[in-house]
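Right, one structure below, let's go through it.
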Amino acid sequence: MADRDGFIRAYHDFRDSVDFSKTGILPELDNLIWCMLIGIPDVPADEEKSPQAGFKAIDQRVAILKAIFVEVNRNEGDSFLDRGLLLYDEAARTAKKLLREGRSPDDLKGPLDRPGWAEG
């Protein structure tokens, strides 16, 4: 419940910062990738300490960004919206790939997957 409430709060916080007068603009792929990697918008998964938190944060970011993209461009045609949404999906895949490549295999394992997790 708290995670959902945090996500909704993150959506509204970011939505309030968006200029709804600028419509019909497709996002730039490189900018989207950087936003996802550097943490824009803030999302609840940013506060988590699990090895998978970064990937979860990207999923939360893309959900917020896609929802606002559709809301801002609600008067545009379906093909425009589809192109934009595909850009968000591609940015998420690329950001996750970059995040994965920047980690060792042990960073991606949960505590139960690591040898000696019960010691210490």
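Nothing in this text is a laboratory measurement; each read-out follows from the coordinates by a stated rule. All of these numbers come straight from a predicted model, not from anything done at the bench. Using ideal geometry, Cβ is built from the backbone for each residue, glycine included, and neighbour counts are taken over all protein chains shown.
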Inter-label distance for A67 and W34, nm, one decimal - labels placed 7 Å from Cα along Cα-to-Cβ:
2.6 nm
Short version: ³J(HN,Hα) in whole Hz for each residue of region 64-79, in order, from phi by Karplus 6.51 cos²θ - 1.76 cosθ + 1.60 (θ = phi - 60°), x for Gly and Pro, what are they?
5, 5, 5, 4, 6, 4, 5, 5, 5, 9, 4, 8, 7, x, 4, 5
What percent of all Cα-Cα pairs in region 1-61 falls into each 5 Å bin, going from 0 up to the bin containing the maximum distance?
4, 17, 23, 25, 17, 9, 4, 1
Select from Q52, P41, L86 the residue farthest towards the positive end of the dipole of region 36-99; place +1 on Cβ of Lys and Arg, -1 on Cβ of Asp and Glu, and compute about the Cα centre.
Q52
Under a point spin-label approximation (7 Å from Cα along Cα-to-Cβ), what is the V18-R93 distance to one decimal in nm?
2.3 nm
What translational diffusion coefficient, to the nearest whole µm²/s, does region 24-102 have by Stokes-Einstein, given a Kirkwood radius computed over alpha-carbon pairs, a temperature of 20 °C and 1.002 mPa s viscosity?
167 µm²/s
